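Notes to accompany the following structure.
A short reminder: the numbers here are calculations on the coordinates, not readings from a lab. Everything numeric here is computed off the predicted structure, so don't read it as measured data. All Cβ positions, even for glycine, are placed from backbone atoms using ideal geometry, and neighbour counts span all protein chains on display.
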Amino acid sequence: MIEKQTKSIFINGVWSEIDPEAKVAIYNPATMEKITEVAYGGKKETEKAIEAAKEAFKSWSRKTGRERSRVLYKAAHLLEEDAERIGRILTTEQGKPLAEAIGEVKGAAAFLLWYAEEASRAYGEWLPSSIPSKRMIVMPQAIGVVGAITPWNFPASMITRKVAPALAAGCTVVLKPAPETPLSAIEILKIFEAAGIPKGVINLVTGNAEEIGEALLTNKDVRMITFTGSTIVGKYLMKESADQVKKVALELGGHAPFIAFEDADLEKAISNVLASKFRNNGQTCICTNRLYVHESILKPFTELLMKKIQNLKLGNGFEEDIDLGPLINEQALEKVESHVQDALDKGARLATGGKRWEGELSGNFFEPTLLTGVEDQMKIMFEETFGPVIPIQSFTDEDEVIQKANDTDYGLAAFIFTENTSRSLRVAEQLEYGMIGVNDVFPATPEAPFGGIKQSGIGKEGGYYGMEDFMEKKFVSIGMDQE
Ligand code: NAP
């Protein structure tokens, strides 16, 4: 049961009352019904949150890794236990099918668990000195107060994927979640509270993005900005961080190519295209945006894929057997429509789908769509669509498809389907992407580095790399008296 108003600003261990002059409504994207209202904070709240985080850093950063890990272990278990209830809240505000939402919350808990384990393993180094009278130590230390900004497409796991390693490293955090999905963020903060996190170690501010962003960017006590979202906002944050030489970690947009070679297992490749494209309704940074199929298998591949797409079921995420929920908002629908229209105007053909869904729900639904006869100059082949549309194109040989796959400013994830191991390694080596899935479209796990290259980002989340990003390497050089 969600209350009419939900407190959403948490600073120094206290939830603020909602100011009637500064609140905003949250809607269910499947039904367009109002769910609740949350606070609309800004500069003042962010500055208070930074102050609290700065104060809390003094003691949190000095705790042992083991002490920090106890809080993270507890939070991981509490979140895992509460996955179903929080999953329901996530579906209500974001729209994804309930099973996906519960899966995401469990995935979010898995990041907490991984970094609970990792917190005790921030090893430094002892360097052998070339000078007999010196000893040299490299000491990893928490970077300081971190400003964390997250998107709506994975409103739970995108938070723990950055907050868990930050806290494990000894940093303190001011979190700004996406305006569409603050409720999952609020639940995660309550989990940390229940796990006994000291006051000020993690703070939450919902509200005006420009004001919150500016307060984080201009305050010298914020030593790092970690951001997941669009490339355009990432570039802005990076430029503005330059003024104080703040560290930035950016997880940005993608435009993943999916390459099915002639020796691919057809059934396996097609079910993976469906999983990659339609999970979260195509609103996933690593989802397939372009499908390249070897010319010798194009016809059976297209026919089977079309049949399977036609069997997908749209609806409210709470209904049984739903494959796709709504898109997040009207702008998302308009973008998807414009990509389809642009392709059709330039000569593509509609194999299935292609328009807003005329179901009984008034939410933001778009039919799962397959486009054939697509050309490289169509927007969908180089801009991130973030919706349930697949453009399919044939290719002749390996060199040609590698060149096409790399011909983009994005470099997040790419997928190859082949039963030939030498080919998979040869192609993986040449693809300019941060993550390559070989017969696998889900390369995201807590133990592995997730992140892009080129304009898809800087830094890695996940694995021990994820925690390293939140630590400075301090060099201590010790001169010794000689006996
Ligand atoms: P977005 O528009 O860039 O927004 C992301 C977050 O940034 C939101 O909380 C947003 O708040 C905030 N923001 C926007 N302008 C800001 C500013 N000037 N200062 C501070 N914060 C600001 O992205 P989105 O539409 O939510 O998410 C979709 C994008 O995220 C896609 O491009 C997707 O590929 C990418 N993504 C990447 C990854 C990855 O791991 N690489 C994972 C998930 C998503 P407001 O909405 O209030 O402006």
**Asked** Taking the Cα-to-Cβ direction at residue 296 and at residue 85 and moving 7 Å from each Cα, how far apart do the two end points lie in nm?
**Response** 5.7
**Message:** Report the Rg/Rh value for the range 43-201, based on alpha-carbon coordinates and the Kirkwood definition of Rh.
**Reply:** 1.07
**Message:** Taking amide H atoms as placed 1.01 Å from N in the peptide plane, list the residues 5 or more away in sequence, or in a different chain, whose amide H sits under 5 Å from that of residue 27.
**Reply:** 35
**Prompt:** In sequence order, what are the phi-derived ³J(HN,Hα) couplings for the range 149-157 according to the Karplus relation 6.51 cos²θ - 1.76 cosθ + 1.60 with θ = phi - 60°, rounded to whole Hz, with x for glycine and proline?
**Reply:** 10, 10, x, 8, 6, 10, x, 9, 6
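Over the chain, calculate the relative contact order: mean separation of alpha carbon pairs under 8 Å at least 6 apart, over the residue count, as a percent.
18
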**Complete:** Going residue by residue through the range 178-185, the Karplus relation 6.51 cos²θ - 1.76 cosθ + 1.60 with θ = phi - 60° gives ³J(HN,Hα) values, rounded to whole Hz and with x marking Gly or Pro, of 5, x, 6, 10, x, 5, 5, 4
**Request:** Go ahead and estimate [θ] at 222 nm for the chain from helices alone: -39,500 (n - 2.57) per DSSP H run with n ≥ 4, summed, over the residue count, rounded to 500.
**Result:** -12000 deg cm²/dmol
**Complete:** FRET efficiency (residue 7, residue 419; Cβ distance; R0 56 Å; to 0.05) is 0.55
**Message:** For the pairs 96/176; 106/277; 34/74, flag any whose C-alpha to C-alpha distance is greater than 27 Å.
**Reply:** 34/74
**Asked** How much length is gained on full extension from residue 480 to residue 356, taking 0.36 nm per residue of separation minus their Cα-Cα distance?
**Response** 37.2 nm
**Cα gyration tensor shape of the range 290-368, rounded if a/c is under 1.5, else prolate or oblate by comparing a/b with b/c** = oblate
**Request:** Give the share of C-alpha pairs in each 10 angstrom bin for the range 203-337, from 0 to the last occupied bin, in whole percents, shortest bins first.
**Result:** 10, 29, 25, 20, 13, 3
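To one decimal place, what orientation-averaged projected area in nm² is obtained for the convex hull of the Cα set of the range 151-216?
4.4
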**Asked** When Lys and Arg each count +1 and Asp and Glu each count -1, what net charge do the other residues less than 12 Å away from residue 419, Cβ to Cβ, add up to?
**Response** -1
**Message:** Per residue, how big is the convex hull of the range 33-111 when only Cα atoms are used? Give it in Å³.
**Reply:** 113
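Once you've got the Cα coordinates, tell me which of 48/235; 58/474; 307/346; 58/454; 404/473 are over 29 Å apart.
Checking Cα-Cα distances, 58/454; 404/473 exceed 29 Å.
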**Message:** Multiplying the sequence separation of residue 448 and residue 21 by 0.36 nm and subtracting their Cα-Cα distance, what value in nm do you get?
**Reply:** 149.3 nm
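Highest mean first, what order results for 454-466, 200-212 on Cβ atoms within 10 Å?
200-212, 454-466
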**Complete:** Gyration tensor (Cα only) of the range 310-445 to equivalent ellipsoid, semi-axes in Å sorted down, yields 30, 19, 13
**Asked** Per 5 Å bin, what percent of the C-alpha pairs of the range 366-483 does each bin hold, from zero upward?
**Response** 2, 9, 14, 18, 17, 14, 8, 5, 3, 3, 2, 2, 1, 1, 1, 0, 0
**Asked** Against the longest alpha carbon principal axis of the chain, how many degrees, from 0 to 90 and to the nearest 10, is the axis of helix 421-430 turned?
**Response** 70
**Message:** Using Stokes-Einstein with the Kirkwood hydrodynamic radius over Cα pairs, what translational diffusion coefficient do you get for the range 107-211 at 25 °C and a viscosity of 0.890 mPa s, in µm²/s rounded to a whole number?
**Reply:** 159
**Message:** Using a Cα-Cα cut-off of under 18 Å, which aspartates and glutamates could be cross-linked to residue 313, ignoring same-chain neighbours fewer than 8 residues away?
**Reply:** 100, 321, 323, 358, 360, 367
**Message:** Rounded to the nearest 5, what % of DSSP beta bridges with both residues in the range 29-186 are antiparallel?
**Reply:** 40
**Request:** Would you mind pulling out the separation of the Cα centroids of the range 133-188 and the range 344-363, in Å?
**Result:** 39
**Asked** Near residue 23, which aspartates and glutamates are there with a Cα under 19 Å away, not counting those fewer than 8 places off in the same chain?
**Response** 3, 33, 37, 45, 47, 93, 180, 187, 210, 211
**Prompt:** What is the diffusion coefficient of the chain in µm²/s, taking the Kirkwood radius over Cα pairs and the Stokes-Einstein relation at 4 °C with a viscosity of 1.567 mPa s?
**Reply:** 55
**Message:** Across the range 335-381, what fraction of all alpha-carbon pairs, as a whole percent, falls in each successive 5 Å bin from zero upward?
**Reply:** 5, 24, 30, 21, 11, 7, 3, 0
**Prompt:** How do 377-383, 127-133, 410-416 rank on mean C-beta neighbours within 10 Å, highest first?
**Reply:** 410-416, 377-383, 127-133
**Gain on full stretching of the segment that runs from residue 218 to residue 439 - 0.36 nm per residue minus C-alpha separation** = 75.1 nm
